[in-house]
Structure formats: C-alpha cells, structure tokens
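Right, one structure below, let's go through it.
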Amino acid sequence: MKRIVSLLAAVAVVAATLFVVVPFASARTAATTIKVTAKDFKFVLSKKSATHGKVTFKVTNKGHTQHDFKIAGKKTKLLGPGKSATLTVTLKKGKKYTYICTVPGHAQLGMKGSFKAT
C-alpha cells in the first residue's frame with residue numbers, strides 16, 4: 001500500500017511540474033508578430049525591435065506598385081497592391097538587422113531600415 005501511495009505522489013508531482021513548465025516553455029518559443037506596411041516608398045513597422053528568437057513579419061502592401069520585404073537573408077514573394085504575406089525568421093539576441101525592398105531602386109528611395117533583436 002505504501003508503494004502505491006508513493007507512486008501516486010510521484011505522479012502528482014510530475015503532473016504538477018508539467019502543468020507549470022510546459023505552458024511557460026511553449027510561450028517562450030512562440031513567434032512574435034510584427035506588422036509591416038509597405039507604402040510608396042517606405043516601410044512602417046508596428047515595432048522597431050522584438051525579443052530574439054522566432055519573429056513573424058506580416059507584410060501588407062498598401063502602395064501602388066509591387067514590393068517585397070527582405071530581412072535576415074529571407075524575403076517575401078513580390079506583393080502587388082493590396083496583397084499580404086508573412087515571413088518568419090529566427091533572430092539572434094543583440095543583433096541589428098537591415099530590412100529592405102529588393103525591387104530595383106526602392107531601397108534607395110527609402111524602403112529600408114533596421115530592426116533589433118533584444
């Protein structure tokens with residue numbers, strides 16, 4: 001009988017630990033979402049920094065010409081006016097990243113900026 005009580009107590013401790021630890025761990029690994037509005041010829045981001053790790057950029061083209069969004073070596077497809085796309089990248093702590101529109105001439109006209117992972 002003592003063995004069964006000890007076993008049940010151990011199971012209760014493990015279950016309680018998982019109840020506390022697992023939701024916390026999954027919350028830390030969830031991607032942060034940053035809204036990006038592409039206009040002619042600038043980007044407007046909802047935030048200029050985010051916690052390092054997975055970051056999802058939700059890009060919406062509100063301009064009159066095609067644009068894309070490139071950061072951390074990845075980019076969205078070319079987006080026509082009114083179109084949206086998402087881009088998820090993994091950012092390193094303390095690093096500053098440059099983002100640009102890769103359409104020829106757009107970055108030179110102002111479609112660029114920097115984003116920091118904290």
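Laboratory data are not the source of any read-out in this text; all were calculated from the coordinates shown. Just so it is clear, the model here is predicted, and its values are computed rather than measured. Because the Cβ atoms are built from the backbone with ideal geometry, glycine has one as well, and the counts that use them run over all protein chains shown.
Remarks
- Label zone (S49, point 7 Å along Cα-to-C-beta; backbone nitrogen cut-off 14 Å) within the range 75-118: 92-97, 114-118.
- Of all DSSP-defined beta bridges confined to the range 31-117, some 70% are antiparallel rather than parallel.
- Unsatisfied cross-links (Cα-Cα over 24 Å) in the set K47/K77; K48/K93; K83/K116: K83/K116
- Projecting label points 7 angstrom from Cα along Cα→Cβ for K116 and K62 puts them 2.6 nm apart.
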